[in-house]
Amino acid sequence: MKTHYKHLSQDQRVSLLVLKLQGMSLRQIAGRLGVHHTTLSRELRRNRYRKPFPFYYHPRRAHDRSLSRKQRAGIRPRLKNPFIRDYVFRKIKLRWSPELIAGRIAKDLPGHAISHEAVYQFIYASEKKLIPFLARRHSRRRTKAFPRNPKKLPIPERVFINERPQEINTRRQFGHWEADSMVSRASKTTLHVLLERQSRLLKITKIPANNSKYVQAAILHRLTHQTSKMRRSITYDNGFENTRHLAINRYLKTKSYFCNPYHSWEKGSVENAIGIIRRFIPKKTNLQLIPATEISRLENLINNRPRKCLNYHTPNEVFQHTLTGALPC
């Protein structure tokens, strides 16, 4: 026969104390309350104070203690597997998102799996010191402000993104780049960012100022050594620093396309990449003080960071695939 167990109510605990003070035995009290006598002995043993019964048993405090114990019993430790726990620690500190960790872990640790929600719960329940490494740390999202009176920018012979060929939009062909600049209020020094649309390969160049002269030099420096199949087009926003796009096209034999005015999201891949860079170099950082070796290290770190849009492969892995034709599992 299956036995059913029930916890004592607060009224039963009050009755236990009253009847015990009247001199009744636990078996007699158990008969009155309709429970087993061992339930009462266990109740007195677990919920009394350190000194002997009866003067150090309080029904209300015993009931609160029981409820607290029941609540704690439902809490299970997160990430009990030490290999998964160590993996999460290492990758979170590399600014990987929980979703990237969940998608990549099967490739790095075959036979292991975890959900991104479990990583979030582990961080917020057990390891709050890892919260600063997450991408979103603000209590509220900030709305973006747009200028009310947009002005026409003097960029010659712009071809807008609406006229960009379909093979570029679908990312089926390698060699199409997006360009943008990451600026800081703390200095004139800027990071110029190039991103290849198919592989998401990133190239970060530190330039003294965000003007057309230095932007042209940065692009030529990073793309000149590439073969013609790896430099087909560049998509820009309408910033004044991009006015020399025709000179770049003549030298690299590329084509240039521009987002519609105030539609920078139309080159969302490089915008997303700058968001990743911001996790390592926050806003208001003096970019002039960051050495070129650190910029190079950061570029390599991000290019070896798996991307969900690449089926959790890294940009470097996809780039190597374009050269060798073999994508790793």
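Please treat every number below as a calculation from the coordinates, not as lab data. Fair warning: this is a prediction, and the values are worked out from it, not measured in the lab. Don't worry about glycine lacking a Cβ; one is built from the backbone with ideal geometry, like all the others, and counts go over all protein chains shown.
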Quiz item: Summing -39500 (n - 2.57) over the DSSP H runs of n ≥ 4 in the chain and dividing by its residue number, what mean residue ellipticity at 222 nm do you reach, to the nearest 500 deg cm²/dmol?
Solution: -12500 deg cm²/dmol
Practice problem: Return the long-range amide H neighbours of ILE155 (sequence gap of 5 or more, or a different chain), with a cut-off of under 5 Å between placed amide H atoms. | Solution: none
Quiz item: Does anything in segment 200-226 have its amide N under 19 Å from the 7 Å Cα→Cβ label point of ASN300, and if so which residues?
Solution: 201-206, 222
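If I take R0 = 56 Å and measure r between the Cβ atoms of GLN226 and ARG42 in this structure, what FRET efficiency does the formula 1/(1 + (r/R0)^6) give, to the nearest 0.05?
On the way: r = 75 Å, r/R0 = 1.35.
Here the calculated transfer efficiency is 0.15.
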Quiz item: Can you count the Lys pairs in segment 206-323 whose Cα atoms are under 16 Å apart, with each pair 8 or more apart or on different chains?
Solution: 5
Self-check item: Of (1) 0.96; (2) 1.27; (3) 0.99, the label for Rg/Rh (Cα atoms, Kirkwood Rh) derived from the coordinates
Solution: (2)
Quiz item: Which far-off residues, 5 or more places away or on another chain, put their amide H under 5 Å from the one on PHE258, with H placed in the peptide plane?
Solution: VAL159, PHE160, ILE161, TYR236
Exercise. Starting from the Cα-Cα distance between ALA247 and ARG61, subtract it from 0.36 nm times their residue separation and give me the gain in nm to one decimal.
Key: 58.9 nm
Self-check item: segment 191-204 - phi-based ³J(HN,Hα) in whole Hz, Karplus 6.51/-1.76/1.60, Gly and Pro as x
Solution: 9, 8, 10, 10, 9, 7, 5, 6, 8, 6, 5, 10, 10, 10
Practice problem: Along Cα→Cβ, 7 Å out, is where each label goes; now give me the distance between the ones at ARG172 and THR293 in nm to one decimal. | Solution: 4.6
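Fewest Cβ neighbours within 10 Å first, please rank CYS309, CYS259 accordingly. Kindly include the intermediate steps, with their values, before the conclusion.
Numbers: CYS309 10, CYS259 21.
By the 10 Å Cβ count, ascending, the order reads CYS309, CYS259.
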Practice problem: May I ask you to evaluate 6.51 cos²θ - 1.76 cosθ + 1.60, the Karplus curve with θ = phi - 60°, for each residue of segment 158-163 and list the ³J(HN,Hα) values in order in whole Hz, giving x for glycine and proline? | Solution: 6, 10, 7, 4, 4, 9
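Once you have the Cα-Cα distance between LYS129 and LYS80, take 0.36 nm times their residue separation minus that, and quote the gain in nm to one decimal. Write out the running numbers ahead of the final one.
On the way: separation 49, 0.36 × 49 = 17.64 nm, distance 1.82 nm.
Length difference between fully extended and current span is 15.8 nm.
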